[in-house]
Amino acid sequence: MILSSWWRAVCERIPPGVTLAMSRLKERGFEVYLIGGAPRDLLKGKMPQDWDLATSAHPAQVEEAFSETVPLGKKYGTVQVIINDLVLEVTTYRREGAYSDGRRPDWVLFTPSLEEDLARRDFTINAIALDPLERRLVDPFGGRRDLRRRIIRTVGRPEVRFAEDALRMMRYYRFQAELNLCGAKEAEEAINPALLSRVSPERIREELNRILLSSRPVKGLQGLAKAGLLTEVIPEFSPLLAEKKILE
């Protein structure tokens with residue numbers, strides 16, 4: 001049960017442009033939820049930096065609902081909506097195929113099911129959907145419980161999630177550094193540094209930067225080092241780690 005005082009606090013943090021966009025889609029008969037980092041941060045009492053929406057509306061229907069849009073990733077169901085100077089990413093509920101290139105799914109099928117959309121996401125703490133207008137929270141994989149327990153787990157089998165996009169292994173430690181979480185044992189055991197060879201240096205650099213700029217960078221770097229990911233991306237650290245000269 002979520003107390004009404006919590007919902008009031010949540011609504012106070014949500015910009016008017018977000019609720020206006022959600023109301024507009026609902027008026028047209030579509031489901032729409034806050035998704036990704038926003039529900040996670042709101043549950044932790046933090047102000048989200050990004051506002052992403054998931055909806056039953058297809059991309060063309062999203063474009064029809066708003067006057068200013070950008071087909072950011074329309075092929076994959078994402079339309080960027082600009083409303084009241086606020087930039088939102090609105091993505092259609094979808095299912096995905098295999099990730100042959102280690103980054104993007106081979107195919108995307110739109111689905112009317114929010115639960116199917118949540119099932120494709122990386123970590124349980126990112127697979128929470130929140131509707132502040134209806135005061136409804138959808139959490140089929142226990143992300144809210146994991147936040148309370150301060151643990152990060154994958155949605156489904158970790159070896160599958162990490163093989164789909166190897167950058168998720170670095171994100172796994174980045175979230176630990178940003179949110180002060182502990183890793184789940186089964187996820188730790190599924191880490192495979194060799195998979196990072198499929199990830200571009202630019203994407204790896206971005207995750208490293210975010211770890212370094214987090215509130216607990218040492219926690220994130222220690223995790224990367226223990227898992228063998230740090231020396232995979234920066235081999236020059238190998239002798240220093242062997243001699244335990246850094247991250248002690």
Open item on the list: Could you tell me how many of the residues in the range 195-205 are closer than 13 Å to ARG103 by Cβ and surrounded by 11 or more Cβ atoms within 10 Å (Cβ to Cβ)?
Closed with: 7
Task: Residue, farthest from the chain's Cα centre (by Cα), within the range 117-138, restricted to residues that are open to solvent by less than 80 Å² (accessible area, probe 1.4 Å) and among the acidic types (Asp, Glu) - done: ASP131
TODO: Check SER56, SER67 and return the single one that is surrounded by fewer than 18 Cβ atoms within 10 Å (Cβ to Cβ) and polar (S, T, N, Q).
DONE: SER67
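This table checks each residue for (1) within 16 Å of THR91 (Cβ to Cβ); (2) open to solvent by 70 Å² or more (accessible area, probe 1.4 Å); (3) in contact with a Cys (Cβ under 7 Å, 6 or more places away or on another chain).
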{"residue": "ILE14", "(1), (2), (3)": "no, no, no"}
{"residue": "PHE30", "(1), (2), (3)": "yes, no, no"}
{"residue": "TYR33", "(1), (2), (3)": "yes, no, no"}
{"residue": "ARG40", "(1), (2), (3)": "no, no, no"}
{"residue": "LYS44", "(1), (2), (3)": "no, yes, no"}
Task: Top-ranked residue of the range 204-243 - restricted to ones that are over 24 Å from ASN180 (Cβ atoms) and of a type in the set (D, E, K, R), ranked as modelled with the highest pLDDT - done: GLU232
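Taking the residues in the range 88-102 that are open to solvent by 40 Å² or more (accessible area, probe 1.4 Å) and under 17 Å from the mean Cα position of the chain (by Cα) as candidates, determine which candidate is farthest from ARG198 (Cα to Cα).
Applying the first criterion (open to solvent by 40 Å² or more (accessible area, probe 1.4 Å)) to the range 88-102 yields 89, 95, 98, 100-101.
Checking the rest, the ones that are also under 17 Å from the mean Cα position of the chain (by Cα) come to 89, 95.
Working: GLU89: 26, ARG95: 23 Å.
Once the filter is applied, the top-ranked residue is GLU89.
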- [ ] Return a yes/no flag: does the range 69-87 have any residue that is more than 28 Å from PHE175 (Cα to Cα), more than 23 Å from the chain's Cα centre (by Cα) and free of Cβ contacts under 8 Å to residues at least 40 places away in the same chain.
- [x] no
Open item on the list: If I filter the range 154-174 down to residues being among the basic types (Lys, Arg) and open to solvent by less than 70 Å² (accessible area, probe 1.4 Å), which single residue comes out as farthest from ASP139 (Cα to Cα)?
Closed with: ARG174
Open item on the list: Suppose we filter ALA177, ALA227, ALA184 for residues that are open to solvent by 20 Å² or more (accessible area, probe 1.4 Å) and among the small types (Gly, Ala, Ser); which single one remains?
Closed with: ALA227
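The values are calculated or read from the model by the stated rules, or taken from the named source; none is laboratory data. The shown structure was predicted, so the numbers you read here are calculated from the model rather than taken from an experiment. Counting neighbours? That spans all protein chains shown, and the Cβs are built from the backbone with ideal geometry, glycine included. Surface areas here come from the heavy atoms of the whole protein model, side chains and all, with no ligands, DNA or RNA. Shrake-Rupley method; radii C 1.70, N 1.55, O 1.52, S 1.80 Å.
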